[in-house]
Amino acid sequence: QVQLVESGGGLVQAGGSLRLSCVVSGSIIRVSDMGWYRQLPGKQREEVATIHTSGTTAYAGSAKGRFTVSRDNAKNTVYLQMNNLEPEDTAVYYCNAYIWARSSAGGMYYWGKGALVTVSS
């Protein structure tokens, strides 16, 4: 059984910082691309940041200069450091990863259950 569990969400004031973590557990053979998505209240889920195994990253325009995605391959963990948070960042943040599991013939995308981030003004 493969699980992605996010942590680090919560309530923070505007201008503050928060660090999200996502740990992949289970019978894992390999974890490839990883990323963070978010769903703002009343809106569709959108991509925030992605990171390859090599460390190559990509960011949404709204995240550039404020958010930083990183990963620890030895721990099968991806992080999202969020600085200078704004009320507009309030959303449920989801972890995503492409994973080869021992129980599967090939790789597939997995999702975490989400972590709520609330930024107060």
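For SER27, project a label point 7 Å along Cα to C-beta. Then give me every residue of segment 98-120 with its amide nitrogen under 20 Å of that point.
Those under the cut-off are 98-111.
With a 1.4 Å probe and all protein chains left in place, how much accessible area per residue does the chain have, in Å²?
Each residue of the chain exposes 53 Å² on average to a 1.4 Å probe.
How do ILE51, ILE29 rank by accessible surface area computed with a 1.4 Å probe, from largest to smallest?
Putting ILE51, ILE29 in descending order of accessible area: ILE29, ILE51.
Counting alpha carbon pairs within less than 8 Å and at least 6 residues apart, what relative contact order, in whole percent, applies to the chain?
Relative contact order here is 36 percent.
What's the carbon and sulfur percent of the chain's accessible surface, probe 1.4 angstrom, rounded to a whole number?
48
Calculate, in nm to one decimal, what ALA74 and GLN3 gain on full extension: separation in residues at 0.36 nm each, minus their alpha carbon distance.
Working: separation 71, 0.36 × 71 = 25.56 nm, distance 1.63 nm.
Computed gain between ALA74 and GLN3 is 23.9 nm.
With a ≥ b ≥ c taken as the square roots of the eigenvalues of the C-alpha gyration tensor of segment 24-90, please select rounded if a/c is under 1.5 and otherwise prolate if a/b is larger than b/c or oblate if it is not?
It is prolate, given that a/c is not under 1.5 and a/b is the larger ratio.
Quick one: length gained pulling SER17 to LEU116 fully straight, 0.36 nm per residue minus the C-alpha distance?
Length difference between fully extended and current span is 34.2 nm.
From the C-alpha gyration tensor of the chain, pull out the three semi-axes of the equivalent ellipsoid (sqrt of 5λ each), sorted largest to smallest, in whole Å.
On the way: eigenvalues 133, 39, 29 Å².
They are 26, 14, 12 Å, listed from largest to smallest.
Report the FRET efficiency, 1/(1 + (r/R0)^6), for GLU47 and ASN83, where r is their Cβ-Cβ distance and R0 is 25 Å, rounded to 0.05.
Numbers: r = 19 Å, r/R0 = 0.75.
Computed FRET efficiency for GLU47 and ASN83 comes out at 0.85.
The values are calculated or read from the model by the stated rules, or taken from the named source; none is laboratory data. What you see is a predicted model, and the numbers here were worked out from it, not measured in a lab. As a convention, Cβ positions derive from the backbone with ideal geometry for all residues, glycine included, and neighbour counts pool all protein chains shown. Each accessible area value is taken on the protein alone, full model and side chains, heavy atoms only, with ligands, DNA and RNA left out. Shrake-Rupley method; radii C 1.70, N 1.55, O 1.52, S 1.80 Å.
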